[in-house]
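Everything below concerns the one structure shown next.
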Amino acid sequence: MLDINYENDVDFTQRPNPIPYNYRLSYKVSQICLILKLSVARGGVSMTKIQMLASALLSEKEDKQLVNLIKGSSWNYVVRYDPTVIRALKYAMFDNLVIQQGNEKYRLSDKGQAFVRKIQHDENLMTREKNFLNTYSLKVTEDMINMLMVQWRYDDASDK
């Protein structure tokens, strides 16, 4: 057992700028668990899909770009791999909320399912996220993601 003297061993430093809520680890873990719960039709969810949905939840601009992709009105979409999402996903796996399957996709564990049920039952918690994900998360399919990647390859080849 660790013997920690908080007065001498732990240094708390007040920061001039607090961390915005959407970059806090607890928020990102909750967001990822909600994404996994509301995005799985079968199998699991790929890292790319998690990143796409997490980006859409950051701002209205990102939200509209993803909706345009879903509606087929624009294939001009760039997936942003946010390191805070990756870190939160690793933390969620360490805390046994999320499981990475053999096919490299992610799903909720039983503990993660129970955690998300608590989020879903609270009407005041993550309302924007729940509304967006309930409306669009199943419409972002792995086939759509694969087509987007093919489009990137085609665009890259034609630019050279």
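So here's what we get for this one:
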| quantity | calculated |
| --- | --- |
| Residue, surrounded by the most Cβ atoms within 10 Å (Cβ to Cβ), within segment 44-59, restricted to residues that are in contact with an Asp or Glu (Cβ under 9 Å, 6 or more places away or on another chain) and small (G, A, S) | A56 |
| Residue in segment 60-88 that is surrounded by the most Cβ atoms within 10 Å (Cβ to Cβ), counting only those that are among the polar types (S, T, N, Q) and over 13 Å from S30 (Cα atoms) | Q65 |
| Flag if Y91 is more than 10 Å from the chain's Cα centre (by Cα), under 19 Å from M149 (Cβ atoms), aromatic (F, W, Y) and crowded, with 16+ Cβ neighbours inside 10 Å | no |
| The listed residue being out of contact with any helix residue (DSSP H, G or I) (no Cβ under 9 Å at 6 or more places or on another chain), under 20 Å from L138 (Cα atoms) and modelled with pLDDT under 90, out of S59, S74 | S59 |
| Number of positions in segment 123-140 that are in contact (Cβ under 8 Å) with a residue 60 or more places away in the chain and part of a loop (DSSP other than H, G, I, E, B) | 2 |
| Checking K105 against (1) in contact (Cβ under 8 Å) with a residue 12 or more places away in the chain; (2) farther than 24 Å from M147 by Cα; (3) not aromatic (F, W, Y), the condition it does not meet | (2) |
| Residue satisfying all of: in segment 108-150; acidic (D, E) and within 30 Å of S74 (Cα to Cα); surrounded by the fewest Cβ atoms within 10 Å (Cβ to Cβ) among these | D143 |
| Which numbered condition Q101 misses (of (1) under 15 Å from K28 (Cα atoms); (2) surrounded by 11 or more Cβ atoms within 10 Å (Cβ to Cβ)) | (1) |
| Failed condition for R80, given (1) within 14 Å of the chain's Cα centre (by Cα); (2) modelled with pLDDT of 95 or more | (2) |
| Some residue of segment 63-71 being acidic (D, E), more than 21 Å from V150 (Cβ to Cβ) and at pLDDT below 95 | yes |
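The values are calculated or read from the model by the stated rules, or taken from the named source; none is laboratory data. Fair warning: this is a prediction, and the values are worked out from it, not measured in the lab. Here the Cβ is made from the backbone with ideal geometry for all residues, glycine too, and neighbour counts use every protein chain on show.
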